[in-house]
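Reading through the C-alpha cells given below for one structure.
Every number here is computed from the coordinates shown, using simple stated rules; none is lab data. Please read these numbers as outputs of a predicted model, since none were measured by experiment. Cβ placement follows ideal geometry from the backbone for every residue including glycine, while neighbour counts extend to all protein chains displayed.
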Amino acid sequence: MIKRPIRFLLSLVCLLAVLSTVEAQDRISQTINSNWQFYKGDLPGFPASPATVKWETVSVPHSWNTTDVLDDEPGYYRGTGWYQRRIFVPSSWKGKDIYLYFEGAAQAAEVYVNGKKAGGHTGSYTFFSVPVKELLQFAASGSAVNEIQVKVNNSHNEDVPPLSADFTFFGGLYRDVHLVAVSPVHFDMDNNATNGVFVSTPKVTAGSADVMVKGSFVSNLPKAGRVRVRTTIVDGDGKTVAEQQSMVKTVPGAQLSFSHNLSNLLSPHLWSPETPYLYQVISRLEDADTKVKLDEISNPLGFRWYVFDPGKGFFLNGQPVKLVGTSRHQDFKDMANALPDAMAIRDVELLKAMGGNFLRVAHYPQDPAVLQACDRLGILTSVEIPVVNQITESEAFAENCKVMQREMIRQNYNHPSVIMWTYMNEVLLRPRYDNGSEKREAYIRAVAKLAQELEDLTRAEDPSRYTMIPNHGAFELYHKAGLTRIPKLVGWNLYQGWYGGELGGFAKYLDMHHKELPDKPLLVTEYGADGDPRIHSFEPVKFDKSLEYTLLYHQAYLEAIMERPFVAGAMIWNLADFNSEQRAEAMPHINNKGITTIDRQPKDPYLFYQANLLKQPFIRIGAAAWTLRSGIAASETSLVCVQPVEVFTNQPSVSLRLNGKLIGTAAARQGIARFNVPFADGVNLLDASAGTDLADQLRIQFKMIPKDLRSAALPFREINVSLGSKRYYADEKLRQVWLPEQAYTPGSWGYVGGQAFAMKGGSQSYGSNKDILGTEDDPIYETQRTGLSQFKLDVPAGEYEVTLLFAELVSGIKREALVYNLSNTTQNEEAATRIFDVKLNNVPWLENLGTATYLEPERAYATKTTVSVKGTAGIVIDFTARKGEAVLNGVQVRRVL
Ligand code: GCB
Ligand code: CA
C-alpha cells in the first residue's frame, strides 16, 4: 500500500504531465488580415528608407482592381502595390520558429520584415511561406512591435503563366495571411508551404484500407534528442481507429523523415458524393522522454477508389458515376479576386445544390477553403496550373511551370476530393509564329516537351492520381502534337453551337474522338454559352445572349453527354459569370457563360441542372429574375399577352396557376414543363405545383402595351423599343422593359423600311459585339436598324416625351477579334460616313447626325424632347439621309400629359 504523501506526490506528477501536454509549446497560428496599410504604386527605396506617401487602410483579402475593371476604360492596373502592417510578437515566442504564411499574392511578392528581405514568391495561385524568426525583434516581456512589408506586383511577365487567358489577372494580397509560431521541433514548414505530412491510400476496398503517412520534421534544438512521431487516425466521431508511432533520434538542424503504414483498416466508411465521410489523420511529435507535445497537425482522409474506363466512363468505389459539374473562377462582383473564405465555400455549396458532383478548379489553384469544402460536401475535383493558351519557349517559363505544378500537388495532396492534376488549358489556342513555318513546328514541339516534363513530374510526385490536359476542339492539332497521348485523360473544351457550327456538332465530336482514340478516357472539360441575365428572347438564336438560347444549348449538350457512357464527365463553363477584361459584348469585361450571375443569382440553366440532377423533389419557375415583363395585348378586347413560362422540375408533371386560376398541367420533358401564360396588365402571380406539397411561386409585374395605341380600355403610357433586335431587355434599375422591334402597322407602332444591323463577318455577334462606351445598356446600343425612313406610333392626342438612342457601330476602329471566337476574323471595316437628319412630326429635330457631330463611334448617344400630339397625327419620326444610311438603335416614348 502506498503511503498518502507519496500517493499525493504521484498524482501531482501525473497531473503535471497532463498539464504539460496541454500547455506545452505547440503551434500557434493566427491570421493577420486586418489593418494593413496599402499603397498603389512602386516606392523606390522602400522599405530600407521610409516612404512619405499616403497609405490607405485596407484589410486582406484585398485587390487593387476592384473598381478599375468596372469602368469603360480598357485595361486595368497591372503594376506594383505595397502593403505594410505591424505585428506584435510576444516574448513567449522567443525560441520558436516563426513563419508568415500566404495563401496567395498576385502575382509576384517580396516579403520584408523590419525592412529586410525575408523571402518571396512567384505565381498568383499557390501558397507560400516565409521563415521570419531571424528578422524579428523580441522584448524581454510583453510584445515587441515588428513591421512587415510586402511588395506585390501583377505586371505581365513572359516567364510566368498565365500569359494570356479569358479572365482578368487581378493583383493584390488577395487571400488570407497567417502568422505561425511553432516549437523548435516541428513538422517541416519549408516544403512548398505544405504542413510536411502527406497522406495516401495505396489500397482501398469495401472490406479494408491501407493508409500511408509520410512526412518529415526538423529539430532546431541545440542538442540531439529523441522524438516520438505518432500517427492517429480518427473517424468522424473522433474515435481512434488506428495508430502508429516511431522513435526518431534528432540531429540539430536536420530534417528527419518518417513513414507510417497503417494497413488493413477494416470496413472503412467510404467517401463519395452521397456520403462524403471524412476521417482525420493526426500527426504528433512528442519528446520521447518527457512526453511533452512538441507539434501537432491534422489532415483530412477519405477512403475511395476510382478508375476511368475509356468505354464505360468513371467508376467510384466500384460504381459507375457520371461526373457532372462546373468550373469555377475565384472572382465576384465588385470584389475582384479578393474573397473571404465564406464566399469560396458558398460557391462549392452552389455546385452541390445544383446536383453537381465535380468541380474543375480552373484555371488555377484556388483558396484552400475550396478544396476543404469539396472534401466535406463530396465534390470530386481536378486542379490545374494556369498554363493557358500559350507558352514562352524559355527555361525560366518551364521552370516556373514545374515549380507551380509541384507546389499545387504537394499543397493539395491530402484532399480526398482531388482525383486529377492538370497543367495546360487549350495550350495550342494561340500558337506563336506563322502557321506552317518551321518556327511554329518548333514551338509546338516545345509545348509537347513541356507537357511531357510536367506529366513526368506529376506522375513522380503523385502516381495515384490521374493526369489530364484540356484542349480546345481542334482534334488533329492536339493529336499530332502528342497532347492526347501524354496525359492519362483527355479533356475537350467544346463550343459547337456557340463559337462555331451547330449544336449537333457536339455529339459528332464526341463520337469522332471515341472512334479515333478508343483507349483514351474522355471528359468534356468545358461547354457553355453566354447569357446576359437581362436578355430574353422567344426566338432565341446563337449569340443573342438570351437566357433562352443558353437553355437550348445546355439541353442539347446534357442529352448528348448522358447518352454516351464513354463520356466520363462534363464540366459546365462556368459556375458563375466572371471578369474578363478584354471582352466587349453585351456586358463588357464579363464572360457571361456562368449558369449563375457574377453575384451568384441562378440563371435558367442552373435550374435546368437541378431538375435533371437532384434526387430530392425539386420545382422552380424559370426566368425567376425576370419579374418585370412587357408585351403587346392580343387585341383591343382581349387585354392579355400570351408568353411562354418554363417550370423546372424532376417530377413527371406540373400544374400552373395564374392568380389562382389553373392554366394547365404539363408533362415535364428533360426536366422542363412548358406553359403559355396569358399575362394581364399589373401583378401576375404564378403558382407551379407538382404532387401535394411541392410548389413554387413567382410574382411578375407585367406592363401591357395596347395593341391599338389609342385603346380606351388600356390607355397608352410608355413604350421602349430596341431596334434591330428580337430580344426583350429588362432594365431592373429603371424598371423598364425594351421590346423587340416590329414593322409599323396602322393603329400600332414600328419602323418603316431598313434592315437590322449585322456586323460584317459577324457570325459571332448579335448586332455589334463592341463595347459601347458611356452606357451600361450595351445590348440596346449594340443593335440598330439601318436605312429606315420612319418610326411611327399612332398614339392618342397628348404631351409626350420622345427619346432616341443611337450609337455608331461601324466605327472603323480596328481591333483584334477575341481569340476564343475561333472562326472570327479581325474586324477591319471602314468607318461609316453617314450623315442624316431627324424630324419629329415634321419639325426639324436633329440635323447632320454623323461622326462629325453627336455620333461618336462606339459611344452611346441619347437625346430627348417633348412633342404635343394633336388629333390623330400620332408621332412620326422621319429619318432622311444626306450621306449613307440613317440609323436608329432605340426609341422611348412616354406620355407626360
Ligand atoms: C475556353 C477557355 C476559357 C474561356 C472559354 C470561353 O475554351 O478555356 O478560359 O473562358 O473558352 O468562354 O470562351
Ligand atoms: Ca482563405
Q.
Quick check for me: using +1 on Lys/Arg Cβ and -1 on Asp/Glu Cβ, what's the dipole size of the chain about its Cα centre, in debye to the nearest 20?
A. 1840
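Rounded, prolate or oblate: which fits the range 708-895, taking a ≥ b ≥ c as square roots of the Cα gyration tensor eigenvalues, rounded meaning a/c under 1.5, else prolate when a/b beats b/c? Each step should come with its number before you reach the end.
Working: a/c = 2.19, a/b = 1.65, b/c = 1.33.
Prolate.
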Q. According to the square roots a ≥ b ≥ c of the eigenvalues of the Cα gyration tensor, what is the shape class of the range 122-242, taking rounded for a/c under 1.5, prolate for a/b larger than b/c otherwise, and oblate for the remainder?
A. oblate
Q: Mind checking which of Gln30, Phe102, Val53 is farthest towards the positive end of the range 27-176's charge dipole, using Cβ charges of +1 (Lys, Arg) and -1 (Asp, Glu) about the Cα centre?
A: Gln30
Q. Could you give the Stokes-Einstein D for the range 197-301 in µm² per second, using the C-alpha Kirkwood radius, 20 °C, 1.002 mPa s?
A. 147
Q.
Along the Cα→Cβ direction, 7 angstrom out, place labels at Gln137 and Phe315. What is the inter-label distance in nm?
A. 6.5
Q: Please state, rounded to one decimal and in Å, the Kirkwood hydrodynamic radius that the range 322-615 gives when every pair of distinct Cα atoms enters the mean of 1/r.
A: 19.4
Q.
Compute the angle between helix 604-613 and the longest alpha-carbon principal axis of the chain, please, reported from 0 to 90 degrees and rounded to the nearest 10.
A. 50
**Q.** Stokes-Einstein D (µm²/s) once Rh is taken as the Kirkwood radius of the range 470-516 over alpha-carbon pairs, at 10 °C in 1.306 mPa s
**A.** 143
Q: Compute the Cα gyration tensor for the chain, then decide on rounded, prolate or oblate, letting a ≥ b ≥ c be the square roots of its eigenvalues: rounded whenever a/c is under 1.5, prolate when a/b is larger than b/c in the other cases, and oblate in all that remain.
A: prolate
Q.
If I take R0 = 56 Å and measure r between the Cβ atoms of Asp599 and Met247 in this structure, what FRET efficiency does the formula 1/(1 + (r/R0)^6) give, to the nearest 0.05?
A. 0.50
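For Thr67 and Lys733 in one chain, what is 0.36 nm times their gap in residues minus the Cα-Cα distance, to one decimal in nm? Please list the in-between numbers first.
On the way: separation 666, 0.36 × 666 = 239.76 nm, distance 2.00 nm.
Taking Thr67 through Lys733 to full extension adds about 237.8 nm, to one decimal.
Please state the relative contact order of the range 197-301 as a whole percent: Cα pairs under 8 Å, 6+ residues apart?
Working: 238 pairs, mean separation 31.7, N = 105.
Computed over the range 197-301, the figure is 30 percent.
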Q) So, counting K/R as plus one and D/E as minus one, what does the shell of residues with Cβ under 12 Å around Val887 add up to? A) 0
Q: Can you spot the lysines whose alpha carbon is less than 26 Å from Lys94's alpha carbon? Ignore those fewer than 8 places along the same chain.
A: Lys116, Lys117, Lys133, Lys223, Lys249, Lys291, Lys293
**Q.** Rounded tilt (10° steps) of 4-23 against the dominant C-alpha axis of the chain
**A.** 40
Q: Could you tell me how many degrees, from 0 to 90 and to the nearest 10, lie between the Cα long axis of helix 368-377 and the main elongation axis, the longest principal axis, of the Cα atoms of the chain?
A: 90
Q.
What lysines does Lys883 reach when the alpha-carbon gap must be under 21 Å and sequence neighbours fewer than 8 apart in one chain are set aside?
A. Lys760, Lys839
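Using the Cβ atoms and a cut-off under 13 Å, what net charge is assigned to the surroundings of Leu351, where Lys and Arg are +1 and Asp and Glu are -1? Please report the intermediate quantities before stating the final value.
On the way: positive: Arg328, Arg346, Lys352, Arg360, Arg376, Arg600; negative: Asp347, Glu349.
Within the 13 Å Cβ shell, the charges total +4.
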Q: Work out how far the C-alpha atoms of the range 539-664 reach from end to end along every principal axis, then list the three figures in whole Å, largest first.
A: 52, 38, 25
Q. For the range 470-509, list residues with backbone N below 18 Å from a point placed 7 Å from the Cα of Glu441 toward its Cβ?
A. 477-483
Q. Assuming R0 = 35 Å, what is the FRET efficiency of Arg459 and Ser267, from their Cβ-Cβ distance, to the nearest 0.05?
A. 0.65
Q. If the cut-off is 17 Å between C-alpha atoms, which lysines fall inside it for Lys703, apart from same-chain ones fewer than 8 positions away?
A. Lys733
Q) Could you give me the ³J(HN,Hα) list for the range 146-153, computed from phi with Karplus coefficients 6.51, -1.76, 1.60 and θ = phi - 60°, whole Hz, x at Gly and Pro? A) 10, 9, 10, 10, 10, 9, 10, 9
